[in-house]
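Following: one structure in structure tokens, then a few remarks.
What follows draws every value from the coordinates through simple rules; no lab data is involved. On a predicted model such as this, the values are computed, not experimentally measured, just so you know. Ideal geometry is used to build each Cβ from the backbone, glycine not excepted, and the neighbour counts take in all protein chains shown.
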Amino acid sequence: MTRITEELVRKRAEHNECEIFSLEELSLHQQDLEKIEHLDRWCRDLKILYLQNNLIGKIENVGKLKKLEYLNLALNNIERIENLQACESLTKLDLTVNFVGELTSVESLRKNIFLEDLYLTGNPCTQFEGYQEFVFTTLPQLKRLDGHEIEKSERIKAVQVLESRRKLIVQQQEKYRVEREKQKKEANEQGDANNLDINEENLSKEELEQKKDEEFWKEKVDFTPESRTSIQNKLKENKEKTHDSKFKQPKKEKRERRLFNEEGKPMNINEGKVDFSLTETDDDTAFVLDVSCYKYMDTSLIEADVQPWYVQVTMKGQLLQLSLLEEVKPDSSTARRSQITGHLIVTMPKLDPPPIPAHRPNSERSNVTRKKAEKESPKASSNPPQKLEVDQSKSFASTLASIASDSPNKENIVKNKFIKPKEKIEPQNSEHFVDDPNVPPLM
């Protein structure tokens, strides 16, 4: 049986900073509770209390909740309305789908003068003839019953037949009480018979439990507090078995991760099977590691560690370790992420990079020098420029004169240093042209 504990109440009071003495609203639904306890001492300022879908069989220990306005006890095992007289501020009571068969117990709510809403839908008493009329007249302060607005005409008619209705209600609930006693007796006998049948079987433990479950779910029973309690207990038992079986299963031992071989050299490991590329720079002075990280992965989930002979990158606990062919400088290494692709770029300068010769013939130039030359003059021709040979015996003026003389279209244009501009030719007027002085000149 699940009990109401201080730890449970504080856990449900997270919205109130786990303080329970000033708590005004508390929800303890679906906790398999069988009894209301401690709340009248721990949470006296409660205004709203949710206890639906439990196994509570009696309304008790709520008399000191003077500020309680709404009490929800739907889907429980309550058979009688009681112990609510001291809840002075109670305005709404929900007892939907319980086992209230003693309808005359609603008379205990007469002192709850602020009670406006009462829900009894799904209880055996709702099947009694004259159920609504009896409740209307017994509780004149009610405004709604089972969500139905009570009209004045209905209340007047109910008052007129109150005496006859009450006698009829008493007879029906007495009949239900006899039937209920019979149900309790059959439930006890049925439980003893099931235990005897199971003990007589000569089966293994697993087969016995399986057969017991099959018989339990195939058995036809009435909807009673006992059957509902047994179903809830069975579901709880199966849940615990499933939970225990998961933890009892032997865990697979993880293979021990080896980062170095027997000689102490680092090994290549890629636990996450991520894509990567390890290359050298164009001048052979550093290693560049490009790891394909997710673009929107938080950088806090990525760790990079550079050592003289290996590099490690950890993403979400998955290790990528690569050994290096040459020793690098860990202190000078850098790790950055691309803002476009999200990749991790680790640059590791070599400790002893190869020297680059100061002079090399054109035929033996390295790729690096050639690429640099192309970057500096991207539009330059691949062939080297050739010098123009000029005969020193001839002067520049004579050469220019010979060029000008060889050109038939430019004869007599270049005479000295400057070229004379062409003379402007005025257009001639036609024969029929008349010069009118009143016409303004053309601009």
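Cross-link check: pairs 35/143; 236/273; 185/239; 11/111 evaluated at a Cα-Cα cut-off of 32 Å; pairs beyond the cut-off: 236/273; 11/111. Applying the Karplus relation 6.51 cos²θ - 1.76 cosθ + 1.60 with θ = phi - 60° to region 58-67 yields 3J(HN,Hα) values of 8, 7, 7, 6, 10, x, 8, 8, 6, 9 Hz, where x marks Gly and Pro. Calculation over all alpha carbon pairs of region 269-349 in 10 angstrom steps from 0 returns a P(r) of 19, 55, 25, 1 percent.
For the pair residue 326 and residue 268, label points projected 7 Å from Cα toward Cβ lie 1.9 nm apart. Loop-located trypsin sites (Lys or Arg not before Pro) across region 94-152 with a Cβ neighbour count of 16 or fewer within 10 Å are 110, 111, 143, with loop assigned by DSSP. Proximity of backbone amide H atoms, modeled 1.01 Å from N, is registered between residue 319 and 271, 272 at under 5 Å, excluding neighbours fewer than 5 places apart on the same chain. Residues of region 267-285 with an amide N closer than 19 Å to a point placed 7 Å from the Cα of residue 337 along the Cα-to-Cβ direction: 272-277. Spin-label model, residue 431 to residue 183: label points 7 Å out along the Cα-to-beta-carbon direction sit 13.5 nm apart. Working note: Debye formula, equal point scatterers on the alpha-carbon atoms of region 6-173, no solvent; log10 I(q)/I(0) at q = 0.09, 0.15, 0.16 Å⁻¹ is -0.32, -0.81, -0.90. Candidate cross-link partners of residue 157 among the aspartates and glutamates, defined by an alpha-carbon separation under 14 Å and a same-chain spacing of 8 or more, comprise 133. For region 1-78, trypsin sites (Lys or Arg not before Pro) are listed when DSSP marks them as loop and at most 16 other Cβ atoms sit within 10 Å of their Cβ; the list is 3, 35, 44, 47, 58, 64, 66, 67. Simple rule: put +1 on each Lys or Arg Cβ and -1 on each Asp or Glu Cβ in region 6-173, find the dipole, and look at 134, 78, 56; the Cα lying farthest toward the positive end is 134.
Coupling constants for region 317-332 follow from the phi torsions by the Karplus curve (6.51 cos²θ - 1.76 cosθ + 1.60, θ = phi - 60°), and in residue order they are x, 8, 9, 10, 10, 10, 8, 10, 7, 10, 6, 10, 9, x, 5, 9 Hz; glycine and proline get x.
Compared with the direct C-alpha span, the chain from residue 207 to residue 281 gains 19.7 nm at full extension, assuming 0.36 nm per residue. Measuring r between the beta carbons of residue 164 and residue 69 and using R0 = 45 Å, the FRET efficiency lands at 0.80. Using a simple spin-label model with pseudo-atoms 7 Å out from Cα toward Cβ, residue 237 and residue 18 lie 3.6 nm apart. Under 5 Å between amide hydrogens, built in the peptide plane, is the criterion, and for residue 44 it picks out nothing among residues at least 5 positions away or on other chains.
Subtracting the Cα-Cα distance of residue 25 and residue 309 from 0.36 nm times their residue separation leaves 95.9 nm of extension gain.
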